[in-house]
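Inspection log for the structure reproduced underneath, given as structure tokens.
We did not get these values from a lab; they are worked out from the coordinates using the rules stated. These numbers were taken from a predicted model, which means no experiment stands behind them. Heads up, the Cβs are rebuilt from the backbone with ideal geometry, glycines too, and the neighbour counts pull from every protein chain shown.
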Amino acid sequence: MNKKLGLAVAGALVAFSSAANAGITIPAGDWTVDIGGVVNAYYTNTKESGDFVGANGGVLGGSNATNRKNSSNITTGLLPNYLIVSGKTRQNDLDVGFTISINPGASTTASARQSSQQENRQAFLTVGDASWGSVKLGKDLGIYASDAILNDMTLLGVGSGAGILAGNTTTLGRIGTGFMYADWKSQIAYTTPNWNGLQATVGLTQPWNTYGVGVNTQAQSDLNGLPVAATGAFNSAYSTGRSGNASPAWEGKVSYAFTADQVTGKVWASGITQQVKGLNDYTTNTAIANAADDTAEAWDIGATVNFAGASLTGYYGEGSGMGTTVQLRDGFDHTGTARDSKDWYLQATYVLPTIGTKVGVSYGESQLDGTANDAFTRYENNMWTVGAYHPLTKSVNLVAEYSNVETKITNLKGESETVSLGAILFF
């Protein structure tokens, strides 16, 4: 497999036993250039029920319109399509490399108009040596919570979001129903050498502006493309321009990969901290009086253990001011007080002998606690997923998934069920 496909694709191949053939390798003078990628598409059907159908927001995986309680789409899954070009060489006793990717979606929802969804997730260079590690400069997967998504079995499938995100580049997988999105960030990061399975990464990353989507307007819900509460209970703070930009965010992680007889596995922990400044109240669109500068921070821990075709994964994380689903979404209430959050999921998979099909089941929750100033106590999204992932060839996996998402806030509850069938190809 092309090593420079990046963490998202590499993680998919680690999390799943089905193999992919090598990328296209081209010698070019002192350089070795690799071309690789991913192509995937799925038929999805999403059904909604409960209090949130047709209200301001809709549940995870659902739609926001009253006439779309049952929707079918053909779309990309949690991974977008990938085309990655990378290169490496040895110069002045240093390993030098680069990676650039383009990531188009595979879905359009309007006649005579192609989807404008397009991502460029990776553009970075690396400089290093096996004796002291490597430095990365540019845009790549964030450090905090990266192992949570790389070990999610829906990485080769759809998970949630097939309805509300139809026409976009990706679905959500288990993002927001078990872990926070690591996202794709500009960064300067140092990774140590691998010391018999022990490795660490620390980095400065681009700080985000805070924002809130839990507002009682349909336009802002659609703009963000994410589910929100069905009432005006969320009165969140947001910031523009200078949210922590006076200093970078700090992220880091440490992991240990081990092998003991026939058992293999990995244990990891990561964290993030960022200053937050200049908070505004969404309800009034004005600066919050006497709002002090604050800090958004989070930590997590997880482990994966593999034995005789079986794999077990457990993950847990907590945050303050970090929000839910994506970083700094609804992390602060309308007075500037930080909200606490929790994320966790459990997953079990098994590769069937002879045929090689991987079957799996997972459950997870993402919770955002209200403050004393909020009209809600807890906002929660949870999801059950059952999936089968069959290696049709060494490059192509057939995928079938069923995901059930439940969203709860105060005394309201919504539910969405998504069935997805499709295939994903690595090259």
Exercise for the section: May I ask which residue of Gly163, Gly178, Leu141 lies farthest towards the positive end of the charge dipole of segment 124-220, with charges of +1 (Lys, Arg) and -1 (Asp, Glu) on Cβ and the Cα centre as origin? Expected result: Gly163
Exercise for the section: Would you list, by chain and number, the lysines whose Cα falls below 17 Å from the Cα of Lys342, excluding same-chain residues fewer than 8 positions away? Expected result: Lys408
Fill in the blank from the handout: Using alpha carbon centers only, segment 140-162 is separated from segment 319-365 by a whole-angstrom value of 9
Fill in the blank from the handout: Applied in sequence order to segment 259-266, the curve 6.51 cos²θ - 1.76 cosθ + 1.60 (Karplus, θ = phi - 60°) yields integer Hz couplings, x standing for Gly and Pro, of 9, 9, 6, 9, 9, 10, x, 8
Handout entry: Fewest-first sequence of Tyr42, Tyr256 by Cβ atoms within 10 Å of each Cβ
Key = Tyr256, Tyr42
Handout entry: Per-residue Cβ neighbour rank within 10 angstrom, fewest leading, Val263, Val399, Val38, Val135
Key = Val263, Val135, Val399, Val38
Completion exercise
For segment 320-427, shape from the Cα gyration tensor axes a ≥ b ≥ c, cut at a/c of 1.5 then a/b versus b/c, turns out prolate
Completion exercise
Sorted on mean Cβ neighbours within 10 Å (highest first), peptides 90-96, 203-209 come out as 203-209, 90-96
Handout entry: Which listed pairs, of Lys88/Lys358; Lys139/Lys253; Lys136/Lys266; Lys88/Lys394, have C-alpha distances above 28 Å, in listed order
Key = Lys88/Lys358
